[in-house]
1. Over all alpha-carbon pairs of the range 231-311, lay out the pair-distance distribution in 10 Å bins, whole %, shortest bin first.
2. Pull up the cross-link candidates among the lysines for Lys207, meaning alpha carbon to alpha carbon under 21 Å and not fewer than 8 places away within one chain.
3. Ignoring everything but the protein chains, give the 1.4 Å probe accessible area of Glu146 in square angstrom, nearest 10.
4. Roughly what would the spin-label model give for Asn186 and Arg21, points 7 Å off Cα along C-beta, in nm?
5. Once amide H atoms are built 1.01 Å from N in the peptide plane, which residues 5 or more positions from Glu226, or in another chain, come under 5 Å H to H?
6. Could you sort Tyr349, Tyr382 by accessible area so the largest value comes first, with the probe set to 1.4 Å?
7. Using a 7 Å offset from the Cα along the Cα-to-Cβ direction at both Thr400 and Asp386, what is the distance between the two label points in nm, to one decimal?
8. Got a number for the accessible area of His26? Probe 1.4 Å, square angstrom, nearest 10.
Amino acid sequence: MTEPLRLGIAGLGTVGVGIVRIVQSHAELLAQRAGRPIVISAVSARSRDKDRGVDLTGYAWEDDPVTLAMRDDVDLFIEVMGGSDGPAKDATEAAIAAGKDVVTANKALLAIHGQALAEQAEDAGRVIRFEAAVAGGIPVVKALTEGLAGNEITRVMGVMNGSCNYILTRMEDAGLSYEAVFDEANALGYLEADPQLDVGGIDAGHKLALLSSIAFGTQVDFGAVELEGIGSVTIEDIHQAADMGFKIKLLGVAQMTGRGLEQRMSPCLVPDTSPLGQLQGGTNMVVLEGDAIGQIVLRGPGAGEGPTASAVMGDVMDIARGMRISTFGQPARTLRKARAARAAVPAPYYLRMQLLDKPGALAKVAYVLGEAGISIDRMRQYDHDDPNAAPVLIVTHKTTRSALEEALAEFESTSVVTGVPVAIRIEAV
């Protein structure tokens, strides 16, 4: 194939500009690797007048991304506008209807509408690729759909939001509160316009839902992802977890169990010596486990102009070479609906609570745990200034979430636990 692959780029923010830079600066290299030239025909964005630091004069301009998607001189539609509905969805559907392949960095769009869009694309003989939507520059989608295609995947796990990892590691390194580091991260521009997308686990939950679909051959079901953000993590939890050999991470975990598909994005403790425990700053890490490969670890930048544009261009190059892979690794209509399972796999837990400083208080807590079928692995009590309350940490042996919730509910009746106990799952890595 010697005809050029003609791109239409909808969205000229950080990622869109990064794509333009790569195409302009590596034109000869891209042509050599793809076996055909890669060119940009047209672009679309909200404002024509904004200085974006790249030369756009050689490209046609469309104010409406839907019109861009339907142009005769566009073979491949690249959607980097964002948003689960509105122009992004309309333009993607229009591109497929017009016979175009689609590359997108839009995790929200696919997490909500991925099944329907994949079916539409496959019915039209088109492909949708989305490497840039998950973990930025880390080629995790390619790893699952291609490199590990011969494996039965047993677990997908990872730190998939660099902003949250920055906040948690910054809290530990500087000894600052969550509130202080949140304000710092926001001022530095590390958080979305709606910060809850980051710190509430929503952004990372979208990514987990997409990886789950590929890994387990199931329809994307973001609504089944258990979400818990990092807002309740205190500097005391971070310090005391470290004292017991753990780090706290916003961790996504997906695994198929006898009860159904477990998908959760929540703060977890991981061993401080593990790859996840040693992950610092805004870096992402995804751990994939399969029956033949065992465990592999993918680490790299999870966001930013270069890494995300690099991921987009990886998909562009595959399409230019003629590679045709189903959106989620197998034909969309063969993806099954999974029964949702809530924290079905037993695990140890970290418990932090304040006990009245009086004889028998700890025995009452131990009794409640025992009645719920929970045994104690380790326990630690710290010096305290409050004469009436003593901070106590407990690490349990493996237990179910339901048993833990039963115990937490019973603590109130003991009259020795003050405040609300903190319970954080400890994930085996």
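The values are calculated or read from the model by the stated rules, or taken from the named source; none is laboratory data. Just so we're clear, the structure is a prediction, and the values are computed from it rather than from any experiment. Here the Cβ is made from the backbone with ideal geometry for all residues, glycine too, and neighbour counts use every protein chain on show. SASA here: full protein model, heavy atoms, side chains in, ligands and nucleic acids out. Shrake-Rupley method; radii C 1.70, N 1.55, O 1.52, S 1.80 Å.
1. Percent of pairs per bin, in order: 14, 39, 35, 12, 0.
2. The reachable lysines, counting only those whose Cα sits under 21 Å from Lys207, are Lys89, Lys107, Lys142, Lys249, Lys337.
3. Glu146 exposes around 70 Å² with every protein chain in place.
4. So the label points at Asn186 and Arg21 sit 2.8 nm apart.
5. Amide H neighbours of Glu226: Gln263, Arg264, Met265.
6. Putting Tyr349, Tyr382 in descending order of accessible area: Tyr382, Tyr349.
7. If labels sit at Thr400 and Asp386, their model points lie 3.3 nm apart.
8. 80
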